[in-house]
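Asker: Got a structure for you, questions after.
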Amino acid sequence: LRCGMRTTKCQLLVTSLGVMLLGLSIATLSTVTHYRLHFTTISDISLESNSYRVIHHTAFYFGICLSMTLILAALLSSTATVRESQCLTAMGFFCFALAFCGLLPAACWRYTHSTEVSGS
C-alpha cells in the first residue's frame, strides 16, 4: 500500500511538472507571437477594418491568462500532493476546470470563424 501511494505521488508530481511546462510554453509562444516584428507590422496597419489587430490582442491576452491558470493549477496540485491537503487539491482542480472551460470557447470560435484562422 505504501509503494502504491508513493508511486501515485510521483505520477502526480510529474504530471504537475508537465502542466507547468505547458503553461510556460504557452506564455512564451503568446509573448513571442505578440512582440515579433512581422506580427506587429501586420497589426500596425491602419485600415478602418483591421480586424487582425483585435484578433492579435485577444489571442495574446487569452494565451497569457490560460498559461497563468495552468501554472497556478500545477503549483497548487504539486503543493497539495506534497502536503496531502484536500483544500489545495480542490483549488487545483478548480483552476484546471477554468483552464479547460476557457479552451472550449476558443475551439468553438476557431470552428465558427475558420476563414479568419489559418489551420496547420
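Asker: Note down all Cβ pairs under 7 Å where the first residue falls in segment 68-96 and is under 18 Å from ARG6 (Cβ atoms), the second is open to solvent by 20 Å² or more (accessible area, probe 1.4 Å), and they're at least six residues apart or on different chains.
Answerer: As it stands, the answer is SER77/LEU12; SER78/LEU13; THR79/LEU88; ALA80/LEU88; ALA80/THR89; THR81/LYS9; THR81/LEU12; THR81/LEU13, since those pairs meet every condition given.
Asker: Within segment 3-22, track down each residue that is among the hydrophobic types (A, V, I, L, M, F, W, C) and either exposed (fewer than 14 other Cβ atoms within 10 Å of the Cβ) or over 19 Å from MET68 (Cα atoms) (or both).
Answerer: CYS3, MET5, CYS10, LEU12, VAL14, LEU17, LEU21, listed by residue number.
Conditions tested, residue by residue: (1) modelled with pLDDT under 85; (2) loosely packed, with under 14 Cβ neighbours inside 10 Å; (3) not β-branched (Val, Ile, Thr).
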site	(1), (2), (3)
LEU24	no, no, yes
HIS34	yes, no, yes
HIS38	yes, yes, yes
THR41	yes, yes, no
SER51	yes, yes, yes
GLY63	no, no, yes
LEU70	no, no, yes
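Asker: Given the conditions (1) modelled with pLDDT under 85; (2) loosely packed, with under 15 Cβ neighbours inside 10 Å; (3) part of a helix (DSSP H, G or I), which single one is not true for LEU88?
Answerer: (2)
The values are calculated or read from the model by the stated rules, or taken from the named source; none is laboratory data. Remember, it's a predicted structure, so these values are computed and weren't measured experimentally. Because the Cβ atoms are built from the backbone with ideal geometry, glycine has one as well, and the counts that use them run over all protein chains shown. Accessible surface is based on the protein model in full, side chains and every heavy atom, while ligands, DNA and RNA are left aside. Shrake-Rupley method; radii C 1.70, N 1.55, O 1.52, S 1.80 Å.
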